[in-house]
Structures are given as structure tokens and as C-alpha cells.
Amino acid sequence: MHNLGHTRSAHQRNHLLLTPDTFVRTTLPGMKAASAIVHISPALGAAFTEYTAEFENSGELGETLAQRFLYVVDGAVHLNAAGKDHLLGPHGYAYVPQGVAHRITSSEKSRAIVIEKAYIPSSAANASGVIVGTEDSIPSTPLDDDSSLQVKHLLPDNLSFDFAVNTMTYQPGAALSMVEMHVMEHGLVMLEGGGIYRLADAWYPVTAGDFIWMGPWCPQWFGAIGKLPAKYLIYKDWNRHPLAGPQR
Ligand code: UGY
Ligand code: MN
């Protein structure tokens, strides 16, 4: 569509906002009847990659050398790992540790958010096994005692994991209580609703379908606007010393 070169997408030194009108699809090695919209990768300085995988009826994801996290947005996605088959519907998710052979396929048109990251081991814990779950059965906890802002931790919070993936749901009018600035980076997909995201020195209107990358120490704040709750899926590196892992 002719939009006179306008978009809400923005590419700044320590953050990225990608709106669906600027999405470009590609096929990653090993993908069959599927394509990827790569949202962020080490090409921009991130220590992880995140993409939306769009599957046809019988699609398949390729291999990865990294650990992999998958969250199904819609459709039906199958994971075969460690000799077991799992069916993931909407809000279903899976974690596959680095080095574990697996296949991810679809039995209908489906969309999933995929996060991959080279694992940083910890001498204090063994690596986890495969995890499969659904967001719907995870209990939520209020952030900073604010019951209008609920967080669900999709992965266990222990040293086996070097990243966290959470959902955060804001009632209309709810907001982060502070402008956060922290060493962790974020990959974020707006799943429902919308609001205003402050990133560094800019305030962006954001809505379901948008992707945001926040680099280390990117000033960040969100307030939900509208009549329905706003919900996003958020990745952060977690549980490791700042000197652990690749030096950038
Ligand atoms: O976990 C977080 O750092 C989260 N509160 N950040 C955010 O929502 N931008
Ligand atoms: Mn944060």
C-alpha cells in the first residue's frame, strides 16, 4: 500500500521498533513451507535472535545450534524431542536445550515466536531438559505489588537458565512504576492491546503485532492505553555474571 514513506518503525542505536508494515520475510536454512520475519539478531549487537515463524499446513522449522524457545501465537505446532511428541496450541510454549536434536512442524497454518541464544553454562547448575507448557496454566504475580500489572514466568527462575521469557499483562491505564535502565536486553512482541512505549528519549505508540528490541541500559517505560488490557511477551538475558558470555 502507498503510505508516502511513513512508518512507526524506528531504528536507533540502543533500540528498535518494528511494525508489521515493514516486516520482510525470508527462509532460514532447513525451513520447509515456512518463512521467518527476523526481528533482531547479533547483526545489531544483540546476544540472541528472535523471529516470527509463519508455517503453512505442513511446515517445518530448520535446526539450530543454540538453545531454542518457542511460543505459539496461533495454529497447531508439533515438537518432537527426546523421543516424545508434543502438540502446542495457541499460548503453548516449549524450551529445547542447546544440543538436543528435535523437529518442529505444523499441522495447520500457524505462527510462533522463536528465540534462540547460545547457552552460557553455570558452574552452579546443570543445564535443563526439554520443557513444554502453556501460558494459560502459569499463575501470575503482580509486579511491585501492583495488581493491575501481572507477570507470568514461562521458564523456572533458577541458574539452569541464562534467559527468562515472561508475559506481562497491563490493565487499561496500568504502567511500569519507573523508567527502567538495566544491563539486560529485551526482545518484546506486543500480543494484545497497546499503549505508549518510552525507549531512550522517544515515546512510541505501540499495538499488537509490533516488535521491540531494547539494548543494554536502554531507558524503558510502558503505559497501557485503550479499553482492553495490553499484553506482551518479553525476553531478557538473566542469571549470569555480566562478564560471562561473549564479549561484544
Ligand atoms: O523484566 C523487565 O525488565 C521488565 N519489567 N521490563 C519491561 O517491561 N520493559
Ligand atoms: Mn526491563
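Pick from segment 202-214 the residues that are under 14 Å from the mean Cα position of the chain (by Cα) and more than 10 Å from ligand 1 (Cβ to nearest atom): which of them is nearest to Ser41 (Cα to Cα)? Walk me through how you get there before you give the answer.
Narrowing segment 202-214 to residues under 14 Å from the mean Cα position of the chain (by Cα): 208-214.
Applying the additional criterion that residues be more than 10 Å from ligand 1 (Cβ to nearest atom) yields 208-211, 213.
On the way: Ala208: 21, Gly209: 18, Asp210: 16, Phe211: 13, Trp213: 10 Å.
My answer is Trp213.
Looking only at strands (runs of 3 or more DSSP E) that fall completely inside segment 131-248, which ones have 2 or more residues that are among the hydroxyl-bearing types (Ser, Thr, Tyr)? Give the derivation first.
Details: elements: 131-134, 141-143, 146-153, 163-170, 186-192, 194-199, 202-207, 211-214, 220-224, 230-237.
By residue number, 146-153, 163-170, 202-207, 230-237.
Tell me which residues, restricted to segment 101-129, are in a loop (DSSP other than H, G, I, E, B) and within 15 Å of Thr64 (Cα to Cα). Please lay out each step first, then the result.
First pass over segment 101-129, keeping only residues in a loop (DSSP other than H, G, I, E, B): 101, 107-109, 118-121, 123-124, 126-129.
Ala101, Ala118, Tyr119 - these are the residues of segment 101-129 that are in a loop (DSSP other than H, G, I, E, B) and within 15 Å of Thr64 (Cα to Cα).
Any residue in segment 72-84 that is modelled with pLDDT of 95 or more and under 30 Å from His182 (Cβ atoms)?
Filtering segment 72-84 down to residues modelled with pLDDT of 95 or more leaves 72-81, 84.
Still in the list and also under 30 Å from His182 (Cβ atoms): 72-73.
Yes, segment 72-84 contains a residue that is modelled with pLDDT of 95 or more and under 30 Å from His182 (Cβ atoms).
How many residues, within segment 81-110, are within 20 Å of Ser35 (Cα to Cα), surrounded by fewer than 20 Cβ atoms within 10 Å (Cβ to Cβ) and among the polar types (S, T, N, Q)?
Here the count works out to 2.
If Glu56 satisfies every condition in (1) surrounded by fewer than 16 Cβ atoms within 10 Å (Cβ to Cβ); (2) touching a strand residue (DSSP E or B) at 6+ places or on another chain (Cβ under 6 Å); (3) at positive phi but one, which is the exception?
Glu56 satisfies every listed condition except (3).
Inside segment 172-201, can you point out the residues that are near ligand 1 (Cβ under 10 Å from one of its atoms) and either at pLDDT below 95 or among the small types (Gly, Ala, Ser) (or both)?
Ser177
Being in contact (Cβ under 8 Å) with a residue 40 or more places away in the chain, more than 15 Å from ligand 2 (Cβ to nearest atom) and loosely packed, with under 15 Cβ neighbours inside 10 Å is the filter here, so list the residues in segment 195-248 that pass it.
Ala202, Pro205, Gly226, Lys227, Leu228, Pro242, Ala244, Pro246, Arg248
The values are calculated or read from the model by the stated rules, or taken from the named source; none is laboratory data. Everything numeric in this text was worked out from a predicted model, so none of it was measured. Here Cβ is always computed from backbone atoms with ideal geometry, including for glycine, and neighbour counts include all displayed protein chains.
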